[in-house]
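J.: Can you read through this structure? Questions will come right after.
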Amino acid sequence: MLRTTRGPGLGPPLLQAALGLGRAEWHWPASRAASGGRGRAWLQPTGREMGVQVYNSLTGRKEPLIVAHAEAASWYSCGPTVYDHAHLGHACSYVRFDIIRRILTKVFGCNIVMVMGITDVDDKIIKRANEMNISPASLASLYEEDFKQDMAALKVLPPTVYLRVTENIPQIISFIEGIIARGHAYSTAKGNVYFDLKARGDKYGKLVGVVPGPVGEPADSDKRHASDFALWKAAKPQEVFWASPWGPGRPGWHIECSAIASMVFGSQLDIHSGGIDLAFPHHENEIAQCEVFHQCEQWGNYFLHSAINYSDSAMLQAQQLLLGLGSFLEDARAYMKGQLACGSVREAMLWERLSSTKRAVKAALADDFDTPRVIDAILGLAHHGNGQLRAAPKEPGGPRSPAVFGAIISYFEQFFETVGISLANQRCVSGDGSEAALRGVVDELVRFRQEVRQFALAMPEATGDARRQQLLERQPLLEACDTLRRGLTAHGINIKAGVQWRDLGSPQPLPPRFNLCLPGSSDSPASAS
């Protein structure tokens, strides 16, 4: 689906990395996609059709997104197990689903109620807390806050509500009791409770189709069958525990999400999301637990999964592409202000390109969030806009067409804001004091250069030979300004319609851009407006 784009030579895969989307990154691995068991007896929901096709892991194909209630869609997101810092897998997954959520909300008018479960008690948490000689609760609280700060830094919108496992133990116990009462779980003399997979029969495997065989069990296992999984774990010495009908212990991992999602959304869930690594056994077990508890044929209607597709080079290219788009927007703003001279603009053509781009973008987003097509359309519009701004001026003071560029600027900013990327200029600086001081010095240097340049070009009373003589005398000043501009460019500071900072060799995020409007990108008299 990825294809070469027109324009400045920065193709769709690059900004796709910035957006964190793309069909090739969304779908199941081919080995699972071929599984024959998936999608059997999938029931298409009834309700409000959102005008979007989404790839549904339950069926292995695109399906129309239909939500049960016209006023809101229910969405459960598996949250982190908070025993350590968030990693790249978390970032990729949550950023992608955040973009999907933003698109559904802002483009297709889908009001979403999102619940995220936080696993704040777990084997890993207990082990790490013992190593650090602190309580599991303190460790979980520390890393939960760390996770939330990381998500905020990535501009991932918070869910409607976070729900922690430790704050919902009674509800989880009640959920387990319901599964036991329906004959699909059993308790043991040791105080464990297991889900009985044999009682589930051939209904198990809705999501993955071919279910992997069980791994080896310890000799003292009290399961009936090796493939059964824990709903409640009996407490071990020195472990945190809660009282239950089966003795002191704590919930198994899979039951947490089932109980929490059901507590909010009941027996019907529109959307469930998570990393591809959670599909089996976690999500498969959630489906089994919920359909048994609620005695329903289909608990979750749409399962969305992501896989990691990241490289430093792709991120660097994406940054360069965003910088290029930012440069176009700065040129367009300069043209609107009369600070950029160019030839006659084909205004009607640009209006039509803007209109067709909007249609193409919405159609692509409605087709399983097809970002390669989206970026192709956006870069095509930027390419045509750039072409008009680069046209050589035929005569000064000719007809101008700033409104269409204002409309393009507004559309670009609106689209990127929709997906959580801000292209707006920033005057503030970040980083430590030395970095801020350095940027302040460069800021003043550029202002001084601008004043020199304006003096060299200002000849209000001179005409004819007198003007040419003054230009000749002041040419060294213009050349000095041009030399300074080239020198700053070598250090990653571009002076065009504004000052742009970029890191030429690092895949780290770009520094802020300064809003210093300058007349043009060259110091030759011919380019002066």
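The values are calculated or read from the model by the stated rules, or taken from the named source; none is laboratory data. All values reported here derive from a predicted model rather than from experimental measurement. Please note: Cβ atoms are built from the backbone with ideal geometry, for glycine as well, and neighbour counts cover all protein chains shown. Only protein heavy atoms, including side chains, enter the accessible area calculation; ligands, DNA and RNA are left aside. Shrake-Rupley method; radii C 1.70, N 1.55, O 1.52, S 1.80 Å.
J.: Starting from the Cα of Lys358, draw a straight line to each of the lysines and keep only those under 26 Å, dropping any in the same chain fewer than 8 residues away.
T.: Result set, ordered by chain and number: Lys62, Lys106, Lys155, Lys337.
J.: Hey, can you grab everything whose amide H is under 5 Å from the amide H of Lys62? Only 5+ residues off in sequence or another chain; H modelled, so Pro and N-termini drop out.
T.: The list, which skips near neighbours in sequence, is Asn56.
J.: Classify the range 41-147 from the C-alpha gyration tensor, please: rounded if a/c falls under 1.5, else prolate or oblate depending on whether a/b exceeds b/c. Walk me through the intermediate numbers first.
T.: On the way: a/c = 2.79, a/b = 2.52, b/c = 1.11.
Prolate, because a/c is 1.5 or more and a/b exceeds b/c.
J.: For the pair Asp312 and Glu473, how long in nm is the line joining their label points, each one 7 Å along Cα→Cβ?
T.: 5.5
J.: Separate question: What's the extension gain from Glu145 to Leu88 if we count 0.36 nm per residue and subtract their Cα-Cα distance? Working shown, then result.
T.: On the way: separation 57, 0.36 × 57 = 20.52 nm, distance 1.71 nm.
Full-extension gain reported as 18.8 nm.
J.: May I pose another question? Using r as the Cβ-Cβ distance of Asp220 and Asp277, and R0 as 41 Å, what FRET efficiency do you calculate, to the nearest 0.05? Walk me through the numbers on the way to the answer.
T.: Details: r = 29 Å, r/R0 = 0.70.
FRET efficiency, Asp220 to Asp277: 0.90.
J.: Averaged per residue, what accessible area in Å² does the range 90-202 show with a 1.4 Å probe, protein chains only?
T.: Details: 4900 Å² over 113 residues.
About 43 Å² of surface per residue is accessible.
J.: Assuming 0.36 nm per residue, please report the length gained on full extension of the stretch Ala181 to Lys337 beyond their Cα-Cα distance. Present the calculation step by step, with values, prior to reporting the outcome.
T.: Numbers: separation 156, 0.36 × 156 = 56.16 nm, distance 7.29 nm.
Here the segment from Ala181 to Lys337 would lengthen by 48.9 nm.
J.: Would you mind working out the magnitude of the charge dipole of the range 279-354 relative to its Cα centre, with +1 at each Lys and Arg C-beta and -1 at each Asp and Glu C-beta, to the nearest 20 Debye? Intermediate values should be presented prior to the final figure.
T.: Values: 4 positive and 9 negative charges, 126 e Å.
I would put it at about 600 debye.
J.: Here is a further query. Can you work out the accessible area per residue across the range 319-381, with the rest of the protein chains kept in place, probe 1.4 Å, in square angstrom? Each step should come with its number before you reach the end.
T.: On the way: 2090 Å² over 63 residues.
The answer is 33 Å² per residue.
J.: Let me ask something else about it. Rounded if a/c is under 1.5, else prolate if a/b beats b/c, else oblate: with a ≥ b ≥ c from the C-alpha gyration tensor eigenvalues square-rooted, which is the range 321-420?
T.: Values: a/c = 2.49, a/b = 1.99, b/c = 1.25.
Because a/c hits 1.5 or more and a/b exceeds b/c, the range 321-420 counts as prolate.
J.: Which value, in debye to the nearest 20, describes the size of the charge dipole of the range 195-280 about its Cα centre when Lys and Arg Cβ atoms bear +1, Asp and Glu Cβ atoms bear -1, and nothing else is charged? Can you show the working numbers first?
T.: Values: 9 positive and 10 negative charges, 32 e Å.
Computed about the Cα centre, the dipole is about 160 debye.
J.: If you wrap a convex hull around the alpha carbons of the range 165-289, what volume per residue comes out, as a whole number of Å³?
T.: On the way: hull volume 15.8 nm³, N = 125.
Measuring per residue, one finds 126 Å³ for the Cα hull of the range 165-289.
J.: Extension gain Gln295-Ser174, at 0.36 nm per residue separation less the Cα-Cα distance, in nm?
T.: Here the answer is 42.0 nm.
J.: Here's something else I'd like to know. Given a Förster radius of 25 Å and the C-beta distance between Thr59 and Asp367 as r, what FRET efficiency does 1/(1 + (r/R0)^6) yield to the nearest 0.05? Walk me through the numbers before you get to the answer.
T.: Working: r = 16 Å, r/R0 = 0.65.
For R0 = 25 Å, the calculated efficiency reads 0.95.
J.: Among 152-160, 285-293, how do they line up from the highest to the lowest mean number of other beta-carbon atoms within 10 Å?
T.: My ranking of the peptides, most packed first, is 285-293, 152-160.
J.: How much accessible area does Phe229 have with a 1.4 Å probe, in Å² rounded to the nearest 10?
T.: 20
J.: Return the FRET efficiency for the residue pair Lys198, Ala243: r is the Cβ-Cβ distance, R0 is 25 Å, and the value is rounded to the nearest 0.05. Mind showing how you got there, number by number?
T.: Working: r = 30 Å, r/R0 = 1.18.
Plugging the Cβ-Cβ distance into 1/(1 + (r/R0)^6) gives 0.25.
J.: So which chymotrypsin sites (Phe, Trp or Tyr not before Pro) in the range 143-174 end up in coil per DSSP with only 12 or fewer other C-beta atoms within 10 Å? Walk me through the numbers before you get to the answer.
T.: Numbers: sites: Tyr143, Phe147, Tyr162; in loops: none.
Passing sites in the range 143-174 do not exist.
J.: Taking Lys223 as the anchor, which lysines have their alpha carbon closer than 29 Å to its alpha carbon, excluding any fewer than eight residues away along the same chain?
T.: Output for Lys223: Lys124, Lys127, Lys190, Lys198, Lys203, Lys206, Lys233, Lys236.
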